[in-house]
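K.L.:
First, the structure itself, so that you have it in front of you.
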Amino acid sequence: MSENERGPYSAAAWGIGWVVFLASGFAASILLSNAWHDCDIGVNTSANLGDLVMASTSMAAASTFLWVLVRKVTGRRRLLYPLLLTTAAAAVLLWPLMAIWHAPDGYPVSFCPPDNVPQWWPAWLPV
């Protein structure tokens, strides 16, 4: 199948790609920032900035890669199905992000239980 038969990339696809990138990075930064704030992780907000930028950028890059992959698999002319699949996959990717970047066991905190998991995190989902 030639490039013309599959259809060109549309402006909407590029726009949705940017929205996926920005929204997933923002969601990751909000999740981690709230977890660190609730557990009193770090000296102040600027102490965690480098980790927060790295975590949110990696989440944004991974979800954008998923967007491109799902678009290639489902076809270039479809937008809703890849958007829904990418949104679901990005939500699933928040669990390993939280598991990797939340405060490690043994971090000296006094506001969270001994496992350093915020109280709002679901108990059925281990980190």
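The values are calculated or read from the model by the stated rules, or taken from the named source; none is laboratory data. Source: prediction; values computed, not measured. We place every Cβ from the backbone using ideal geometry, glycine too, and count neighbours over all the protein chains shown. Accessible surface is based on the protein model in full, side chains and every heavy atom, while ligands, DNA and RNA are left aside. Shrake-Rupley method; radii C 1.70, N 1.55, O 1.52, S 1.80 Å.
K.L.:
Run the simple label-point estimate for Trp18 and Ala88 please: 7 Å along Cα→C-beta, distance reported in nm.
P.N.:
About 2.8 nm, to one decimal.
K.L.:
Most mobile of Val53, Val73, Val20 per a Gaussian network model of the chain (Cα springs, under 10 Å)?
P.N.:
With Cα springs under 10 Å in the chain, the top fluctuation among Val53, Val73, Val20 is at Val73.
K.L.:
Please work out the average accessible area per residue across the chain, using the 1.4 Å probe convention, and give it in Å².
P.N.:
Counting only protein heavy atoms, the per-residue value for the chain is 64 Å².
K.L.:
Got a number for carbon plus sulfur as a percent of the chain's accessible area, 1.4 Å probe?
P.N.:
70 percent
K.L.:
Another question, if that's okay. Using Cα springs under 10 Å in a Gaussian network model of the chain, which residue among Ser24, Ser33, Ser63 shows the largest mean-square fluctuation?
P.N.:
Highest fluctuation of the listed residues: Ser33.
K.L.:
Over the chain, what is the relative contact order in whole percent, taking alpha-carbon pairs under 8 Å and six or more residues apart?
P.N.:
31 percent
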